[in-house]
Amino acid sequence: MNRRASLLPWGLLFPTMAILSIFVIYPAIQSLILSFQDVEPLSKRSFFIGFENYEVLLKSPDYWQSARVTGSFLLLTVIPSLVISLTIAVFLDANPFFQNGFRTLFLLPVAISSSMAAMLWIFIYNPTAGFLNYFLDVLGIHGPNWLADPDTALIAVAISTVWKELGFNIIFFLAGLSAIPNELKEAAELDGANGWQIFRNVTLPLLSPTLFFVSVVSVINSLQSFGQIHILTTGGPMGETTTLVYNLYRDAFVKFRTGLASSEAVVLFTLIMIATTIQFRLAKKRVHYG
Amino acid sequence: MGVYMASVEIQKVRKCFGETEVLKEVSLSIREGEFVVLVGPSGCGKSTLLRMVAGLELPTSGTISIDSKVVNTVPPKSRGVAMVFQNYALYPHMTVRDNLSFGLKLAHVAIPEIEKRVKEAAEVLGLVKHLEKKPGQLSGGQKQRVAMGRAMVRQPKVFLFDEPLSNLDAQLRVKMRTEISHLHRRLHATSIYVTHDQVEAMTLADRIAVMNQGQLEQVGSPLELYQNPRTRFVASFIGTPSMNFVEGELLYLIKAPHGVASAGFRPENTFLKQGKVSLGEGQVVLVEPLGSIAYIHISLKGNYLVSEMKGHDWPEIGSTTEVFIDDSKVFYFDSQGKRI
């Protein structure tokens, strides 16, 4: 191989490597460095303080509350989102007649920007003029002030998040379901399996690669949720919707505690990595690739 | 393994998909223990008929009975049938053992009995070494054996085969065909086998049902269909290479009776050196040597004929040669394709 040919792969990789280095790798390293420093607001002065930022975090009740909120938000978004989207996808897969129209309908929220979607939900959740409370009133139920009540705010934000992500999940599940040969379901039917047994023993195992991918993406998206929280509740009421990401945003861009926010970013990165590693470990036993 | 037998009675079964009628009042009786092959070109409705016996499709009208019991509305699992699919339809996430035992577990068969049946089927089909493997680790032939084993362990009353060998290479297809034949002789199970390959049909069947455009053209033993085809379609479909057909001027030379639209004779009754009746001279367009025999393709007065020739004394491509036939072995058909 001549010199020119040996340089070609590097030349082709260069644009991607340059973009990743500037926008991903360099900021990540900077965050890690900053997490061990005390950075003076609005200046370039910073001092190495070791693990002090991490100590502050671990001793902060607000941070622990945001961790609790993030955990609740994770459960309230990922599990319902997976269950509902899988149910809808299975229904659409079994009823091709509905597929085209409903697929577009469910995909629509994905195409809307998260700020626009959040504005829609502000209208829906409005305690006096909102659609939700109007319909509850019709049913004789007095609806709460969804976004201002500490008991319902996180649920309300979670519902809007699930609604927004449903279409994305449905598309992947539909693609996964359509890749399962119909003959396998017929063979199971002849083997004596009923609808649930076919789903449990044939469809679900063969859908597991898709289920795994969608669940990893959902967990990461949920842990990184920001836009809808910022517009719907700005982390309130009483910190009940302040997730780790929202706490980080406030420390970095409201309180200008860059060092502390960087340590939060490092902790969040570690948490996402742990969550994804656990998912990959589980996947080794449960996911069937062809 | 146990002996599983049931009769199957298909009476005036029609099937429509929307406006399209794919089966037109098909009736067929299959005796206990009989091996019946449904053969016909693609789209003739043979797989649809098989799927209706399995319960995977509902007939638009007519009845299907298994063991004298109408099963039109009986779900597939309760019909006592097992099916071997064209693409094997093995569960890719399960081991061979789990594939074989899945149906038995669903039927709550006792574990020792499941193990016994799986072991027996694995021994019969030579799968003992592969029981812990997943289908992805098996060859095409092994997958097909697992598919057959899955049908066997259920001890069904009727075996259904939907083009089970069409995904295998030619050599393996011949081997598996022999195995299916051995298996049938051993189990004496009632079997319905769908194929578009007439060689498979001829070698496996007790009786062949030839289908065309949603209808049964003729049902009979392989030899009966070969020696006594009732329609031009059956005559052309059964036998390799296909029967030669002549029309027009050549009909006078073979003194065809009145009303004949076409006459047919098999390649083995078409001769190049000598014979009873000469059809005149034709041009050799292709020679297909197969070892001990060769097929000589000849163009003669607008007709395309094939002669089966023994030995190696073949004519050159492009040369002219006189063609003879044995007029006692000619079949005559009317303009509707019916035998006269």
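The values are calculated or read from the model by the stated rules, or taken from the named source; none is laboratory data. The shown structure was predicted, so the numbers you read here are calculated from the model rather than taken from an experiment. Cβ placement follows ideal geometry from the backbone for every residue including glycine, while neighbour counts extend to all protein chains displayed.
Per-structure values
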| quantity | calculated |
| --- | --- |
| Single condition B:Ser47 does not satisfy, out of (1) among the small types (Gly, Ala, Ser); (2) in contact with a Lys or Arg (Cβ under 7 Å, 6 or more places away or on another chain); (3) under 23 Å from B:Arg177 (Cα atoms) | (2) |
| Any strands (runs of 3 or more DSSP E) falling wholly within region B:219-337 and containing at least 3 residues that are surrounded by fewer than 18 Cβ atoms within 10 Å (Cβ to Cβ) and β-branched (Val, Ile, Thr) | B:277-289 |
| Matching strands (runs of 3 or more DSSP E) fully within region B:15-124 where at least 1 residues are in contact (Cβ under 8 Å) with a residue 12 or more places away in the chain, touching a Phe, Trp or Tyr at 6+ places or on another chain (Cβ under 8 Å) and assigned by TED's automatic domain parsing to the domain that holds B:Gly141 | B:35-39, B:81-84 |
| The one condition in (1) out of contact with any helix residue (DSSP H, G or I) (no Cβ under 8 Å at 6 or more places or on another chain); (2) surrounded by fewer than 16 Cβ atoms within 10 Å (Cβ to Cβ); (3) within 14 Å of another protein chain (Cβ to nearest Cβ) that B:Leu58 fails to fulfil | (1) |
| Candidate set: region B:76-90, residues that are polar (S, T, N, Q) and more than 7 Å from chain A (Cβ to nearest Cβ); chosen: the one nearest to B:Ser47 (Cα to Cα) | B:Gln86 |
| Subset of region B:6-27 that is among the hydrophobic types (A, V, I, L, M, F, W, C) and crowded, with 20+ Cβ neighbours inside 10 Å - its residue that is modelled with the lowest pLDDT | B:Ala6 |
| Of all residues in region A:159-186 being charged (D, E, K, R) and either without any contact (Cβ under 8 Å) to a residue 12 or more places away in the chain or within 30 Å of A:Ala118 (Cα to Cα) (or both), the one that is surrounded by the fewest Cβ atoms within 10 Å (Cβ to Cβ) | A:Glu183 |
| Pairs, first surrounded by fewer than 20 Cβ atoms within 10 Å (Cβ to Cβ) in region B:185-213, second at pLDDT below 90 and among the aromatic types (Phe, Trp, Tyr), C-beta under 9 Å, six or more apart | B:Leu187/B:Tyr4; B:His188/B:Tyr4 |
| B:His93 vs. criteria modelled with pLDDT under 95, surrounded by fewer than 18 Cβ atoms within 10 Å (Cβ to Cβ) and within 12 Å of chain A (Cβ to nearest Cβ) | no |
| Members of region B:266-312 that are among the aromatic types (Phe, Trp, Tyr) and farther than 15 Å from B:Phe245 by Cα | B:Tyr295 |
| Which numbered condition B:Val118 fails, given (1) in contact with a Ser or Thr (Cβ under 7 Å, 6 or more places away or on another chain); (2) under 24 Å from B:Val36 (Cβ atoms); (3) away from chain A (no Cβ under 13 Å) | (2) |
| Test: residue in region A:93-116 that is modelled with pLDDT of 90 or more and among the aliphatic types (A, V, I, L, M) | no |
| Counted residues, region B:28-46 - those being surrounded by fewer than 22 Cβ atoms within 10 Å (Cβ to Cβ) and either farther than 26 Å from B:Met202 by Cα or touching an Asp or Glu at 6+ places or on another chain (Cβ under 6 Å) (or both) | 2 |
| Scope region A:187-200; condition surrounded by 21 or more Cβ atoms within 10 Å (Cβ to Cβ) and either in a helix (DSSP H, G or I) or more than 14 Å from chain B (Cβ to nearest Cβ) (or both); matching residues | A:Ala187, A:Ala188, A:Glu189, A:Leu190 |
| Checking B:Gln227 against (1) touching a strand residue (DSSP E or B) at 6+ places or on another chain (Cβ under 8 Å); (2) at pLDDT 90 or above, the condition it does not meet | (1) |
| Checklist (1) within 20 Å of A:Glu165 (Cα to Cα); (2) over 16 Å from the mean Cα position of the chain (by Cα) applied to A:Ala261, failing item | (1) |
| Within region A:272-290, considering residues that are outside any loop (DSSP other than H, G, I, E, B) and modelled with pLDDT under 85, the one nearest to the other protein chains (Cβ to nearest Cβ) | A:Arg286 |
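Residues are listed down the side, and each one gets a yes or a no for (1) in contact with a Leu (Cβ under 8 Å, 6 or more places away or on another chain); (2) under 24 Å from B:Ser181 (Cα atoms); (3) away from chain A (no Cβ under 14 Å):
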{"position": "B:Val26", "(1), (2), (3)": "yes, no, yes"}
{"position": "B:Ile30", "(1), (2), (3)": "no, yes, yes"}
{"position": "B:Phe35", "(1), (2), (3)": "yes, yes, yes"}
{"position": "B:Gly40", "(1), (2), (3)": "no, yes, yes"}
{"position": "B:Ser65", "(1), (2), (3)": "no, no, yes"}
{"position": "B:Val70", "(1), (2), (3)": "no, no, yes"}
